[in-house]
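The values are calculated or read from the model by the stated rules, or taken from the named source; none is laboratory data. Nothing here was measured: the structure is a model prediction, and the numbers come from that model. Don't worry about glycine lacking a Cβ; one is built from the backbone with ideal geometry, like all the others, and counts go over all protein chains shown.
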Amino acid sequence: MRSNDISILVVDDETKIVDVVKSYLEKSGYKVLEAFTGHQALQRFEDDKPSLVILDLMLPDMTGEEICKIIRSKSRVPIIMLTAKVEEEDILKGLNIGADDYITKPFSPRQLVARVRAVLRRTLDDALPLANIYSFEGGDLVVDVEKHQVKKHGKLINLTPSEFSILMALVKHPNKVYTREELITLALGEDFYGFDRTIDSHIKNLRQKIEDDPKSPKLVITVHGVGYRFGGD
């Protein structure tokens, strides 16, 4: 997909920030949609179906977390948080409710464009893997790569792009133990930088969705002191 076929919804109540982000994204060939309140953002999301959302967490009528939850309940569209909160726990909270990436204010517009490209690359990559469909546990877990779909006990599971990328990294090499750093590179991109616990948050969310008992996982296994591996047969 070409960049000029991709629309990005930018949500922030500061007009200057929206203008700057819009200018840099349009120079990179993206179509930019604007919203300055939470209600505007949700309406534009429904009307225009953007390929990616850049979402400020501090809005006048709704919190970014609320908007993220609403969008994530109906769509796997990638979400990048814009936040002035620099505490690790605040950022992990955003990731736990379904955001794919974050960037803290003040930020470099060029860095934001690079993060957008990295997230879209993970989401829109057309390269085919070695197999198109992976099946585990006697068909209880099925991963359809071309359709970007995961089914558990025949029921469609709604994974975020980051969760799907992590799962794909694990299932393609089920005997390999991945460090957190390796999963960050494989699933989140080489230009991602942030907390190692970002991966832990995505793993926690992934387990909640695909494990029969997330507290005693059999598919996404922790290898203490190293990282994670896939345990499905």
His39, sole failed condition from (1) farther than 24 Å from Asn158 by Cβ; (2) in a helix (DSSP H, G or I): (1)
Got a sec? Which of Val20, Val10, Val32, Val113 is part of a helix (DSSP H, G or I) and out of contact with any Phe, Trp or Tyr (no Cβ under 8 Å at 6 or more places or on another chain)? Val20
Out of the residues in the stretch 15-60 that are acidic (Asp, Glu) and modelled with pLDDT of 95 or more, state the one that is farthest from Asp100 (Cα to Cα). Asp19
Looking only at helices (runs of 4 or more DSSP H) that lie completely in the stretch 135-222, which have at least 3 residues being at pLDDT 80 or above, of a type outside the set (A, V, I, L, M, F, W, C) and touching a helix residue (DSSP H, G or I) at 6+ places or on another chain (Cβ under 8 Å)? 161-172, 197-210
Which one of the conditions (1) under 16 Å from Leu95 (Cβ atoms); (2) surrounded by 17 or more Cβ atoms within 10 Å (Cβ to Cβ); (3) not β-branched (Val, Ile, Thr) does Lys69 fail to meet, given that it meets all the rest? (2)
Filter the stretch 110-134 down to the residues that are in contact with a strand residue (DSSP E or B) (Cβ under 8 Å, 6 or more places away or on another chain), modelled with pLDDT of 80 or more and of a type outside the set (Phe, Trp, Tyr) and list them by number. Gln111, Leu112, Arg115, Val116, Ala118, Val119, Leu120, Ile133
For the stretch 89-96, does any single residue satisfy the condition of being of a type in the set (Val, Ile, Thr), modelled with pLDDT under 90 and part of a helix (DSSP H, G or I)? yes
